[in-house]
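For reference, the structure discussed in these notes is given below.
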Amino acid sequence: MAHRPTSRDVAQAAGVSQATVSLVLGDKWRGRVSERTAGLVRDTARELGYRPNLAARHLRLGRTRTALLVVPALTNEFFARVYTGAAGMAAEHGFGVVLYPSPEGVGPARDPFASARAALDGVIASSMAAQTLGAIRGTDLPLVMLDSDPDDPVPAARVNVDIADGMRQVAAHLLGLGHRRFVHLASAVPSWTFEVRARALREALRQVPGTSLRTVSAPLNADAAREAAERALTSPETSGGGPDATALVCDDDILAAGACKAVRRLGRRVPDDVSVTGFDDLALATAVEPELTTVRLPAERVGEQGMAALLAVLDGRSFEAPDLPVSLIPRASTARAPR
């Protein structure tokens with residue numbers, strides 16, 4: 001066939017009407033077309049290489065079947081995994097996902113489709129800093145937030161992971177190893193997810209007498225983390241830190257990699273002298289030596305649930321789901337506190 005096959009070609013080749021072809025290929029044939037005829041139409045379409053004109057179909061339905069996924073950065077593996085999950089779920093429902101970065105999550109995120117509003121059906125935003133989505137929130141597009149403040153009334157739906165429990169698991173692990181002097185190497189990005197980590201760690205340690213905690217922050221890169229960790233481990237502080245600190249709790253694996261470098265540059269050892277923990281369980285966690293004890297986040301599942309939430313909103317259904325569980329992965333970067 002010289003031209004692109006149409007539904008009329010399929011109908012003629014199968015000996016049925018175009019209406020029957022539309023019912024079968026639109027998956028609306030049950031109770032209206034026999035299974036034998038439905039199978040014949042599908043086989044004929046496959047043999048002819050027929051592909052439906054999705055653009056025309058979506059125009060008739062008033063949908064583009066396209067979602068925008070906004071992430072803080074394209075270079076972070078976590079967000080690549082979120083995208084993988086979202087795109088997989090989208091594909092199952094005939095949707096596409098456009099990935100759009102808002103620089104470092106501190107924005108503000110400009111509306112990338114200000115002149116083409118009809119190009120999108122909805123927006124999914126992952127781990128965004130406060131107030132970065134003002135331009136997009138001001139549109140009439142449904143918004144699904146991932147890893148975000150549950151008290152924010154703006155999103156149509158949200159999907160969260162149990163970040164606080166992850167940090168509680170870290171604290172319990174280190175306390176069980178006898179650690180009492182902690183440094184929290186916190187992300188300098190002002191977002192809800194990092195505020196939760198700080199609060200959960202602080203509350204967990206407060207319950208154990210004799211513990212101390214010093215918090216230092218750094219941008220999300222290994223060099224900045226190394227510098228901040230070196231300062232924390234060499235500057236005496238009455239609130240913790242200094243040479244006596246035995247545990248560095250880091251907000252993510254990239255910061256933890258920098259912290260490990262700091263410990264070694266100071267002539268100390270991980271984990272013999274200082275235990276180090278990360279968060280996210282990126283590929284980096286097993287690429288460094290020693291391998292990182294870290295919290296595994298279900299990134300692909302976050303993306304899947306985010307897309308499922310958007311699909312529910314677009315269908316006029318409510319979407320509520322419990323926070324996705326996380327798990328501590330103990331590895332070689334943590335050990336009993338030195339005497």
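The values are calculated or read from the model by the stated rules, or taken from the named source; none is laboratory data. Worth saying up front: this structure is predicted, and the values here are computed from it rather than measured. Cβ coordinates were reconstructed from backbone atoms using ideal geometry, including for glycine residues, and neighbour counts include every protein chain displayed. We work out accessible area using only protein heavy atoms, side chains counted, and drop any ligands, DNA or RNA first. Shrake-Rupley method; radii C 1.70, N 1.55, O 1.52, S 1.80 Å.
Here are a few things to note about the model shown:
- In loop segments of the stretch 1-45 as defined by DSSP, the trypsin sites (Lys or Arg not before Pro) with at most 16 further C-beta atoms inside 10 Å of their C-beta are Lys28, Arg30, Arg32.
- What the phi angles of the stretch 287-299 give under the Karplus curve with 6.51, -1.76 and 1.60, with θ = phi - 60°, is a coupling list of 8, 8, 10, x, 5, 7, 6, 8, 9, 8, 9, x, 4 Hz, glycine and proline written as x.
- Per residue, in Å², the accessible surface of the stretch 7-52 once ligands and nucleic acids are set aside, probe 1.4 Å: 65
- Estimated dipole of the chain in Debye, rounded to 20 [Cβ of Lys and Arg +1, of Asp and Glu -1, Cα centre]: 540
- Amide hydrogen proximity for Val97: with H placed 1.01 Å from N in the peptide plane, the residues at 5 or more positions away or on another chain lying under 5 Å are Ala67.
- Karplus-based coupling profile of the stretch 155-164, in residue order and whole Hz: x, 6, 7, 8, 10, 10, 9, 7, 4, 4, with θ = phi - 60° in 6.51 cos²θ - 1.76 cosθ + 1.60 and x standing for Gly or Pro.
- Under 5 Å from the amide H of Thr293 lie the amide H atoms of Gly278, Arg331, Ala332, Ser333, Thr334, each residue being 5 or more positions distant or on a separate chain, with H modelled from the backbone and absent for Pro and chain starts.
- Counting only Cβ charges, +1 for Lys and Arg and -1 for Asp and Glu, the dipole size of the stretch 169-239 around its Cα centre is about 240 debye.
- Atom-type composition of the exposed protein surface of the chain places 50 percent of the accessible area on carbon and sulfur (1.4 angstrom probe).
- Contact order relative to length of the stretch 163-297, as percent, for alpha carbon pairs under 8 angstrom and 6 or more apart: 24
- For the chain, averaging the sequence separation of C-alpha pairs within contact (under 8 Å, six or more residues apart) and dividing by the residue count gives a relative contact order of 16 percent.
- Check: the stretch 7-52 dipole with +1 on Lys, Arg Cβ and -1 on Asp, Glu Cβ, in debye: 140
- Peptide packing for 145-155, 218-228, 268-278 was compared via the average number of neighbouring C-beta atoms within 10 Å per residue; ordered from the highest value, the list is 268-278, 218-228, 145-155.
- Per-residue 3J(HN,Hα) values for the stretch 203-220, derived from phi via the Karplus relation 6.51 cos²θ - 1.76 cosθ + 1.60 with θ = phi - 60°, read 5, 5, 6, 4, 6, 10, x, x, 8, 9, 9, 10, 10, 10, 10, 7, x, 7 Hz in sequence order (x marks Gly and Pro).
- Per residue, the convex hull spanned by the Cα atoms of the chain amounts to 172 cubic angstrom.
- Extreme residue, positive dipole direction of the chain, given options Met307, Leu248, Ala335 (C-beta unit charges): Met307
- Amide H contacts under 5 Å for Val161, placed H, 5+ residues apart: Asp147, Leu324
- Loop-located GluC sites (Glu not before Pro) across the stretch 266-331 with a Cβ neighbour count of 16 or fewer within 10 Å are Glu291, Glu320, with loop assigned by DSSP.
- Note on Thr234/Val154: beta-carbon distance plugged into 1/(1 + (r/R0)^6) with R0 of 45 Å gives a FRET efficiency of 0.55.
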